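What follows is a single structure, written as structure tokens, with notes after it.
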Amino acid sequence: MTIDISDNDPRISYTANANGAQTAFAVPFEFFDNGDLNVYIAGVAKSEGTGSANYGVSGGSGSTGTVTFVSGVTASATVVITRGITIERTTDFTAGADINRASLNTQLDLITGISADLEDKSDRTLHLADSDSAVSTTLPLLATRKGTVLGFNASTGAV
């Protein structure tokens, strides 16, 4: 399957229904392995498995799917599902050999997915606007910043 690059947001957030019995949550973005998914309820990471606080996954292999919890999610709890594909090369194309189109397409889908995952992480970070002048955003060493708050120099704008 080819990743739809027009709709490749690797993050979805739900509010569990009011009766506390909702177990299934759609994963509207493509993923390849169950381990590509990060699942959180009320900010707490959950694990795939059969225990009462765990979930199962259907779909994947380059398509969308569903996360289904073993027990109903607490009413009005926030469920967040993100994708985090492991950065690795899964196919090696040998010089002079025929290229397997399906393998090439899967590898390109993986690269597209990884790029979208990195963009999602980058978009959720503190960063300078493109139009901002260059300024260092390097944080002070741990010992220096312990017990302090993040602030910016009044004249330089540096951290």
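The values are calculated or read from the model by the stated rules, or taken from the named source; none is laboratory data. Note that this is a predicted model, so its numbers are computed, not measured. So basically every Cβ, Gly included, is an ideal-geometry build from the backbone, and we count neighbours across all protein chains shown. Ligands, DNA and RNA are stripped out before the accessible areas are found, and what is left, the full protein with its side chains, is counted by its heavy atoms. Shrake-Rupley method; radii C 1.70, N 1.55, O 1.52, S 1.80 Å.
Going by what's in this entry, would Thr106 be described as of a type outside the set (A, V, I, L, M, F, W, C), open to solvent by less than 90 Å² (accessible area, probe 1.4 Å) and touching a residue at least 12 places away in the same chain (Cβ under 8 Å)? Taking the combined requirement at face value, the residue satisfies it.
Please verify whether Ala116 is open to solvent by 20 Å² or more (accessible area, probe 1.4 Å) and out of contact with any helix residue (DSSP H, G or I) (no Cβ under 8 Å at 6 or more places or on another chain), treating the condition exactly as stated. It would help to see each step written out before you state the result.
Values: open to solvent by 20 Å² or more (accessible area, probe 1.4 Å): no; out of contact with any helix residue (DSSP H, G or I) (no Cβ under 8 Å at 6 or more places or on another chain): yes.
The answer is no for Ala116.
Criterion first (basic (Lys, Arg) and either within 20 Å of Asp120 (Cα to Cα) or in contact with a strand residue (DSSP E or B) (Cβ under 9 Å, 6 or more places away or on another chain) (or both)) does Arg11 satisfy it? Spelling it out, Arg11 is indeed basic (Lys, Arg) and either within 20 Å of Asp120 (Cα to Cα) or in contact with a strand residue (DSSP E or B) (Cβ under 9 Å, 6 or more places away or on another chain) (or both). Of the residues screened, Val149 is one that is over 27 Å from Ser13 (Cβ atoms) and either open to solvent by 100 Å² or more (accessible area, probe 1.4 Å) or touching a Cys at 6+ places or on another chain (Cβ under 9 Å) (or both). Can you pull out every residue in region 121-159 that is of a type in the set (Val, Ile, Thr) and in a loop (DSSP other than H, G, I, E, B)? Within region 121-159, Thr125, Val135, Thr137, Thr138, Thr148, Val149, Thr156, Val159 meet the criteria. Quick check: anything in region 121-141 of a type outside the set (Lys, Arg), surrounded by 12 or more Cβ atoms within 10 Å (Cβ to Cβ), within 30 Å of Tyr40 (Cβ to Cβ) and at pLDDT below 85? Yes: region 121-141 contains one or more residues that are of a type outside the set (Lys, Arg), surrounded by 12 or more Cβ atoms within 10 Å (Cβ to Cβ), within 30 Å of Tyr40 (Cβ to Cβ) and at pLDDT below 85. Counting only strands (runs of 3 or more DSSP E) that fall entirely inside region 1-103 and contain at least 3 residues that are loosely packed, with under 13 Cβ neighbours inside 10 Å, no element qualifies.
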